[in-house]
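Asker: I'd like to ask you about the structure that follows.
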Amino acid sequence: MAAINKGDTVLVTGSTGYVGGHVASDILAHGAKIKLVVRNEEKAARVYEALKKVHGASAADSIETVLIKDFSAPNAFDEACKGVQGVAHVASDVTFSDDPKQVIDPIVKIYKSLLESMAKTSSIRRFVFTSSSVAIGFPNVNGKETRLFDSNGWNDEALELIKDKPTGFSVYGASKVLSERTVWDFVKEKKPQFVATSVNPNLNVGPFLPGVEPSSTGGGILKSAKGDQSFLEGLGPQFAIDVRDVAELHSIALFNEKVGNERLLAFADRYTINSMLETIKAVDPNAPVSTKPEWGNEDNSKADTKRSEELLGRPFRTLEESIRDLLSSV
């Protein structure tokens, strides 16, 4: 299936978020137009201005905004899909609610609605969506055996955990498993005219777009740099990945003819809470951070990212580079 070309239009959801804003920006950098599907006009206006700062005032001619207040409504995306050649679905539920019905059911419903709208739109050739490392598995903290994250893995553990005592993290993991499987089941059964690709990142780190309010994982790391370690303590050790590399993988899935119907893993440097804080301190010696013995636990996992790095044509950015650019962006 042919890839997206310069001048084509890509529908982007979640552009008001940390990852989605970078995805929209990277697609613009590749020469395509973007149609931003948003639920909040005020946040959309900030992203619009940020993209103009990054790409110049003339970029306004390549940006369209469409308001859809309820993504789960029947045929919600039908009109938005018209006239586009690609779709990047980044929007997700990051409330970390421990109620599976409150999180999983709406997310799967949105995926099904979007997939059905795309299948009805013959112009759409490419679909890329943001999944997660937790669709493959949870961090293996101090595990006796090394866990391998690869494109064949699924986090069935999350599906079991939500049956009895669901937590925000297990519900989030299950939502990523079930939403991603919704896509692959649809592709297998319906055989639509578009090619699908997932991007499965671990902890996103890196700069914010100019003028965009800090949020998400990048915002959590900023709090850590100011001495509040509740975010890192809640997540524990795992892998970090630069948000710009994640965005570029989305673009590759859209623009590269040799990519399709596959999962692209985005895992860069493995970190402990202590090593994350040490990296922050190395970048900003004045940061009020200090390590603790109990924060030295490791994620005993490995990740097969060969395919993703081959497509990028380079190694992933380092954690130090990501932290440096994050701190300098605000």
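Asker: How many residues does region 216-250 contain that are part of a loop (DSSP other than H, G, I, E, B), among the polar types (S, T, N, Q) and either without any contact (Cβ under 8 Å) to a residue 12 or more places away in the chain or closer than 16 Å to Tyr172 by Cβ (or both)?
Answerer: Residues meeting the conditions: 0.
Asker: Would you pick out the residues in region 36-59 that are surrounded by fewer than 24 Cβ atoms within 10 Å (Cβ to Cβ), touching a Ser or Thr at 6+ places or on another chain (Cβ under 9 Å) and either among the small types (Gly, Ala, Ser) or not in a helix (DSSP H, G or I) (or both)?
Answerer: Within region 36-59, Val38, Arg39, Asn40, Ala44, Ala45, Ala50 qualify.
Asker: Which members of region 1-35 meet the condition of being outside any helix (DSSP H, G or I), touching a Ser or Thr at 6+ places or on another chain (Cβ under 7 Å) and among the aliphatic types (A, V, I, L, M)?
Answerer: Ala32, Ile34
Asker: Right, here's the next one. Out of all the residues in region 320-329, is one or more outside any helix (DSSP H, G or I), surrounded by 15 or more Cβ atoms within 10 Å (Cβ to Cβ) and under 18 Å from the mean Cα position of the chain (by Cα)?
Answerer: Within region 320-329, not a single residue is outside any helix (DSSP H, G or I), surrounded by 15 or more Cβ atoms within 10 Å (Cβ to Cβ) and under 18 Å from the mean Cα position of the chain (by Cα).
Asker: Go through Glu310, Glu298, Glu278 for me and flag whichever is surrounded by fewer than 20 Cβ atoms within 10 Å (Cβ to Cβ), more than 21 Å from Thr130 (Cα to Cα) and free of Cβ contacts under 8 Å to residues at least 24 places away in the same chain.
Answerer: On inspection, the qualifying residue turns out to be Glu278.
Asker: Just to be sure I understand, how many residues within region 113-148 are farther than 29 Å from Gly7 by Cβ, in contact (Cβ under 8 Å) with a residue 60 or more places away in the chain, touching a helix residue (DSSP H, G or I) at 6+ places or on another chain (Cβ under 6 Å) and not polar (S, T, N, Q)?
Answerer: Number of matching residues: 1.
Asker: Here is a follow-up. Tally up the residues in region 132-168 that are over 22 Å from the mean Cα position of the chain (by Cα), part of a loop (DSSP other than H, G, I, E, B) and either under 12 Å from Gln238 (Cα atoms) or not acidic (Asp, Glu) (or both), please.
Answerer: 6
A short reminder: the numbers here are calculations on the coordinates, not readings from a lab. Since the structure is predicted, the reported quantities are computational estimates derived from the model, not experimental observations. Note that we place each Cβ from the backbone using ideal geometry, even for glycine, and neighbour counts take in every protein chain shown.
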